[in-house]
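K.L.:
The structure under discussion is supplied below as structure tokens; questions concerning it will follow.
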Amino acid sequence: MAIDFFDSHIAPAAYEEVMACLKSGRLSEGKRVKRFEESLTDTLGFVNPVCVNSGTSALHLALVVANVGPGDEVIIPAQTFIATGLAVLMQKANVVFADCDPTTGNIDPADVARRVTERTRAIIPVHWAGLPCDMDELNAIAAEHDLAMIEDAAHALGATYKGKAVGSLSRMTCFSFQAIKHLTVGDGGALCCERDAEHVRARTLRWFGINRANSPTTELGERDYDLTEVGYKYHMNDLAAALGIGNLTNFLDRLARRRAIAATYREALADTPGIRLLAAPVDRESAHWLFTFRCDNRLQLIRALKSRGVPCTVVHNRIDDNTVFGGVRDDLPGQVIFDAEQLAIPVHEGLSDDDVTHIIGAIQAGW
Ligand SMILES: *Cc1c(COP(=O)(O)O)cnc(C)c1O
């Protein structure tokens, strides 16, 4: 059977949860969203998760809650999906790109520190491929300059840093449950807020700015509310949450399988000429959304792997050269290296042991 690069896993329990939701006739945001949020906390250690309809919504909501606005600067990596930067532009703030550490693909804290100005308001690190960034260093910079820390953890569901869950490390953390992420609800996301006041504000703003818990229905049949600021239609619906509840039931097993496959790759490819594995710091555990490495003659390797039935991709090119961000820059030397050499092979739980052996063999056969 052909090997897929991504696998949208639907757990057996998900079929039952979704069917029960459909039969209930209650599809909008309700008790299933609440249950999914509670399960995310119980299973993965999320702090105050607020479920929304995409990872991009979570990022935008985080910036709104952090009061980032026109003229403010937000430091992000170029090695990410375009959504990270677009969320900043949605708030009419300016994107400042910091360099990449080519040994991990993650943002370089020393370069972040150099780019802080009077106008900096937030940092959005992205945990490339699922490996947590240097959060102690980054959170120290944020604390020193009073910046909001907003982790883009779209790749990092289930990752840990110094024994703590991603989703509990910083002021805010954003997740994605999009179709090709490790846990899908179709489209969805979550925003975790450490501070209670920000959590309440996120919860209110995800549904037009109306506080559902605190706006009783009057005799006229409509909620009694007085909107004080612009809100968004960003809430998750119960149908998506049902899929999430079901898919969460075996997520830890699937994550363990990803980690086992990644460990097999690391062992097998450690001494393969032309392959440079990324660093694997012992104080953190990757969620392995991707298995990225650096390589020589990338285009030739891509062609060789394709001819041997192995899908591979860079997944995301650097985003800073997009016209919306002002076009090409030349002040990101680490990014240049990573951008030229990085490549990812499949690492998901849908791979059989034979697939993994085949993928390793396809690389070792040379290019
Ligand atoms: C997937 C992804 C997003 C956006 O998530 P959506 O749920 O698709 O909106 C944001 N940042 C990164 C790094 C991603 O990979």
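Throughout, read-outs are computed from the coordinates displayed, never taken from laboratory work. Note that the structure is predicted; figures quoted are calculated from it, not measured. Virtual Cβ from ideal backbone geometry, glycine too; neighbours counted across all protein chains shown.
K.L.:
Mind listing the phi-derived Karplus ³J(HN,Hα) values for segment 186-196, rounded to whole Hz, using 6.51, -1.76 and 1.60 with θ = phi - 60°, and x for any glycine or proline?
P.N.:
Karplus-based 3J(HN,Hα) across segment 186-196 equals x, 9, x, x, 8, 10, 9, 10, 5, 8, 4 Hz.
K.L.:
Give the residue from 310, 138, 166 lying farthest towards the positive end of the charge dipole for the chain; charges sit on Cβ (+1 for Lys and Arg, -1 for Asp and Glu) and the dipole is referred to the Cα centre.
P.N.:
310
K.L.:
Once fully extended, how much extra length lies between residue 321 and residue 230, figured as 0.36 nm per residue of separation less the alpha-carbon to alpha-carbon distance?
P.N.:
Extending this stretch completely gives an extra 29.6 nm.
K.L.:
According to the square roots a ≥ b ≥ c of the eigenvalues of the Cα gyration tensor, what is the shape class of the chain, taking rounded for a/c under 1.5, prolate for a/b larger than b/c otherwise, and oblate for the remainder? Could you put the intermediate results ahead of the total?
P.N.:
Values: a/c = 2.14, a/b = 1.30, b/c = 1.65.
In terms of gyration-tensor shape, oblate.
K.L.:
Which of 99, 224, 7 has the fewest other C-beta atoms within 10 Å, and how do the rest follow up to the most?
P.N.:
Exposure proxy ranking, most exposed first: 224, 7, 99.
K.L.:
Let me ask something additional. How tilted is helix 12-24 with respect to the longest principal axis of the chain? Cα atoms for both, answer in degrees (0 to 90, nearest 10).
P.N.:
So the inclination is approximately 20 degrees.
K.L.:
Any idea what angle helix 353-364 forms with the longest principal axis of the chain, computed on alpha-carbon atoms, 0 to 90 degrees, nearest 10?
P.N.:
Relative to the chain, helix 353-364 is tipped by roughly 50 degrees.
K.L.:
Suppose every Lys and Arg Cβ carries +1 and every Asp and Glu Cβ carries -1, with no other charges. What dipole size does the chain come out with about its Cα centre, to the nearest 20 debye?
P.N.:
660
K.L.:
About the Cα centre, and with charges only on the beta carbon of Lys, Arg (+1) and Asp, Glu (-1), how big is the dipole of segment 293-362? Nearest 20 debye, please.
P.N.:
Dipole of segment 293-362, to the nearest 20 debye: 260 debye.
K.L.:
By how many degrees, between 0 and 90 and to the nearest 10, does the Cα long axis of helix 55-65 differ from the longest principal axis of the chain?
P.N.:
50
K.L.:
State the antiparallel share, in %, of DSSP beta bridges confined to the chain, rounding to the nearest 5.
P.N.:
Working: 26 of 40 bridges.
DSSP beta bridges in the chain are roughly 65 percent antiparallel.
K.L.:
Moving on. For segment 323-367 and segment 4-67, what is the separation of their C-alpha centers, rounded to whole Å?
P.N.:
Between the Cα centre of segment 323-367 and that of segment 4-67, the gap is 29 Å.
K.L.:
Further, regarding this structure: For segment 251-364, go through all pairs of different Cα atoms, get the mean of 1/r, take its inverse, and jot down that Kirkwood value in Å.
P.N.:
15.4
K.L.:
Also, quick follow-up: Once every DSSP H run of n ≥ 4 in the chain is given -39500 (n - 2.57) and the sum is divided by its residues, what mean residue ellipticity at 222 nm do you get, rounded to the nearest 500 deg cm²/dmol?
P.N.:
Here the helix-only value at 222 nm equals -11000 deg cm²/dmol.
K.L.:
Would you mind putting 264-271, 10-17 in packing order, based on average other-beta-carbon counts within 10 Å, highest first?
P.N.:
In decreasing order of mean packing, 264-271, 10-17 become 10-17, 264-271.
K.L.:
Moving on to the next point. Based only on the alpha carbon positions, what is the Kirkwood hydrodynamic radius of segment 1-149, in angstrom?
P.N.:
17.7
K.L.:
State the number of lysine pairs found in the chain whose Cα atoms come within less than 23 Å, restricting to pairs 8 or more positions apart or on distinct chains.
P.N.:
Taking the Cα cut-off of 23 Å, the pair count is 9.
K.L.:
Please tell me the relative contact order of segment 251-364 in percent, rounded to the nearest whole number, where contacts are Cα pairs under 8 Å and at least six residues apart.
P.N.:
Relative contact order, segment 251-364: 35 percent.
K.L.:
Same structure, new question: With a 10 Å cut-off between alpha carbons and a GNM built on the chain, which of 68, 50, 230 moves the most?
P.N.:
230
K.L.:
Please work out the FRET efficiency for the pair residue 42 and residue 8, using the Cβ-Cβ distance as r and a Förster radius of 22 Å; give the result to the nearest 0.05.
P.N.:
Plugging the Cβ-Cβ distance into 1/(1 + (r/R0)^6) gives 0.40.
K.L.:
So who's got an amide H within less than 5 Å of the one on residue 134, skipping anything under 5 residues away but keeping other chains? H placed 1.01 Å off N, in plane.
P.N.:
Under 5 Å from the amide H of residue 134: no residue qualifies.
K.L.:
Moving on to the next point. Using +1 at the Cβ of each Lys and Arg and -1 at the Cβ of each Asp and Glu in segment 197-285, identify which of 218, 237, 260 lies farthest towards the dipole's positive end.
P.N.:
Looking along the dipole axis, the top candidate is 260.
K.L.:
Neighbour counts of other C-beta atoms within 10 Å: give me 316, 155, 288, 358 arranged from fewest to most.
P.N.:
Values: 316 20, 155 30, 288 26, 358 15.
Lowest count first: 358, 316, 288, 155.
K.L.:
Can you compute the modelled spin-label distance between residue 92 and residue 28, with each label point 7 Å from Cα toward Cβ, in nm?
P.N.:
Output for this residue pair reads 3.1 nm.
K.L.:
Taking every eigenvalue of the Cα gyration tensor of segment 110-241, multiplying by 5 and rooting it, what semi-axes result, largest first, whole Å? Don't skip to the end; give the middle numbers.
P.N.:
Details: eigenvalues 197, 82, 26 Å².
Semi-axes, largest first: 31, 20, 11 Å.
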